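In what follows, a single structure is set out as structure tokens and then discussed.
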Amino acid sequence: MPGAQVPNYPERTHLTPQDYLAAAGRIAPYVRRTPVLRAAVDGRPVSFKLEHLQVAGVFKIRGALNALLTTSPVRVVTASGGNHGLGVATAARWLGIPATVFVPATAPEAKARRVAAQGADVVKTGRVYADAERAARSFAAEHGRYYVHAYDDPAVAAGQGTVGLEIAADLPDCDAIAVPVGGGGLLTGVAGAVAPCPVVAVEPEGCPTLHAAVAAGEPVEVGADSVAASALGASRIGNLALAACQAYPVSLAMVDDGQILAARDRLWEEFRLAVEPAAATVFAAWLSGQVPGENPCLLLSGANADWVPSQ
């Protein structure tokens, strides 16, 4: 039946500990347990969760795998700025599931070519992620294919939360975790998985989905204009993320593009960590004093960008 495989989850706003444990067991044969780097910067202790070393170069593989292993679809469709599509394409190839990934025309070629290299059909449409999402949902409904939401899907969020379980296990003294936020799937998963540990949700000034939603009391449409927009350029925060923000100890932080690029360059210069701008947002927030704690952990989310230092 057309449309039957395009799910919505209005009744699911919180995940349970069992959801995270089940997801961790489900995806363990496929993903890497990425390392943690303890360091000191400017005389202050800080740890980095090196999730940019994950399979496909991004944490998104966790949620994509959990969603596909949970639902076992025959064919799958998704929309992405690049990273989620890469996660879905990689997971689908492993599981023998044909995948179609809609991306905006502005998606970086470095990401689009990696999605295609995993065997997915890549459809470029529209200017921003929201355009690609509308087209993907319409295609999935018309052809009866399973649509995997990039962030507002409980199975996706549970998969992303497994990175929080690893941080909690490997850094028992961690007293705050900073994560980048676009649509909020990583925030949803990590906040629930590590509660009551505080989580800092970091956004670029040009993509303030969570800040706008908190101010309005509900998800609202915002623009996407940032060096990190290919990864954090959702048009609105997910319902699951806003619910997590209201249920758990989550604080908000915001950084501008100059801070993001400077933080990215510093990660390379001091640690030889090559990450994409979205991943550098958390270091930018920490450098600017927006991440509390004596032993915070900054989650470096991905590395799917071709770049040279800005200076």
Sum of -39500 (n - 2.57) over DSSP H runs of 4+, divided by residues of the chain (222 nm, nearest 500): -13000 deg cm²/dmol
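Using only Cα atoms, what is the ratio of the radius of gyration of the stretch 210-284 to 2.2 N^0.38 Å? Spell out each step's value before the answer.
Details: Rg = 14.0 Å, N = 75, 2.2 N^0.38 = 11.3 Å.
So the stretch 210-284 has a normalised radius of gyration of 1.23.
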field: Of Gly184, Gly43, Gly96, the one that fluctuates the most in a GNM where the chain has Cα springs shorter than 10 Å
entry: Gly43
query: How high is the relative contact order of the stretch 173-311, in percent, with contacts defined as C-alpha pairs under 8 Å that are six or more residues apart?
result: 30 percent
query: If you place +1 on the Cβ of every Lys and Arg, -1 on the Cβ of every Asp and Glu, and leave all else neutral, what size is the dipole of the chain about its Cα centre, to the nearest 20 Debye?
result: 1000 debye
Accessible area expressed per residue, the stretch 233-276, with surrounding protein chains retained (probe 1.4 Å, Å²): 40 Å²
field: Hull-based mean projected area of the stretch 116-205, where the convex hull spans the alpha carbons, in square nanometres
entry: 7.8 nm²
- line: Between Arg272 and Ala116, the two model label points (7 Å from Cα along the beta-carbon direction) sit apart by a distance in nm of 3.3 nm
Fully extended contour minus Cα-Cα distance, from Ala247 to Glu205, at 0.36 nm per residue: 12.7 nm
message: What does the charge count around Ala231 come to, taking other residues whose C-beta lies under 10 Å from its C-beta (Lys +1, Arg +1, Asp -1, Glu -1)?
response: +1
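Mind ranking 82-90, 125-133 by how tightly packed they are, going by the mean number of other C-beta atoms within 10 angstrom, highest first?
Details: 82-90: 30.8, 125-133: 19.9.
So the order, starting with the most tightly packed, is 82-90, 125-133.
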message: Below 8 Å, C-alpha to C-alpha, sequence gap of six or more: please give me the relative contact order for the chain in percent.
response: 21 percent
- prompt: Charges only on Cβ, +1 for Lys and Arg, -1 for Asp and Glu: so what's the dipole of the stretch 168-311 about the Cα centre, in debye to the nearest 20?
  reply: 200 debye
query: Computed over the Cα atoms of the stretch 179-248, what is the ratio Rg over Rh, Rh following Kirkwood?
result: 0.95
Point-charge dipole on Cβ atoms (K/R +1, D/E -1) for the stretch 1-157, about Cα centre, debye to 20: 440 debye
field: Rg [Å, one decimal], Dmax [Å, integer] - the stretch 256-311, C-alpha atoms
entry: 10.8, 34
- prompt: Hey, quick one: spin label on Glu294, modelled 7 Å out along Cα-Cβ, who in the stretch 166-190 has an amide N within reach, i.e. under 13 Å?
  reply: 173-176
Charge tally in the Cβ shell below 11 Å around Met254, where Lys, Arg are +1 and Asp, Glu are -1, Met254 excluded: -3
query: Over all pairs of distinct alpha carbons, what does the Kirkwood formula give as the hydrodynamic radius of the stretch 1-159, in Å?
result: 16.2 Å
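Hey, got a sec? Which GluC sites (Glu not before Pro) in the stretch 232-300 land in a DSSP loop and have at most 16 other Cβ atoms within 10 Å?
Numbers: sites: Glu269, Glu270, Glu294; in loops: Glu294.
Passing both the DSSP loop test and the Cβ count: Glu294.
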task: For the chain, list log₁₀ I(q)/I(0) at each q in 0.08, 0.11, 0.13 Å⁻¹, using the Debye formula over Cα point scatterers of equal strength and ignoring solvent, two decimals each.
output: -0.30, -0.57, -0.83
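The values are calculated or read from the model by the stated rules, or taken from the named source; none is laboratory data. Worth saying up front: this structure is predicted, and the values here are computed from it rather than measured. All Cβ positions, even for glycine, are placed from backbone atoms using ideal geometry, and neighbour counts span all protein chains on display. Heads up: the accessible areas ignore ligands, DNA and RNA and are worked out on the full protein's heavy atoms, side chains in. Shrake-Rupley method; radii C 1.70, N 1.55, O 1.52, S 1.80 Å.
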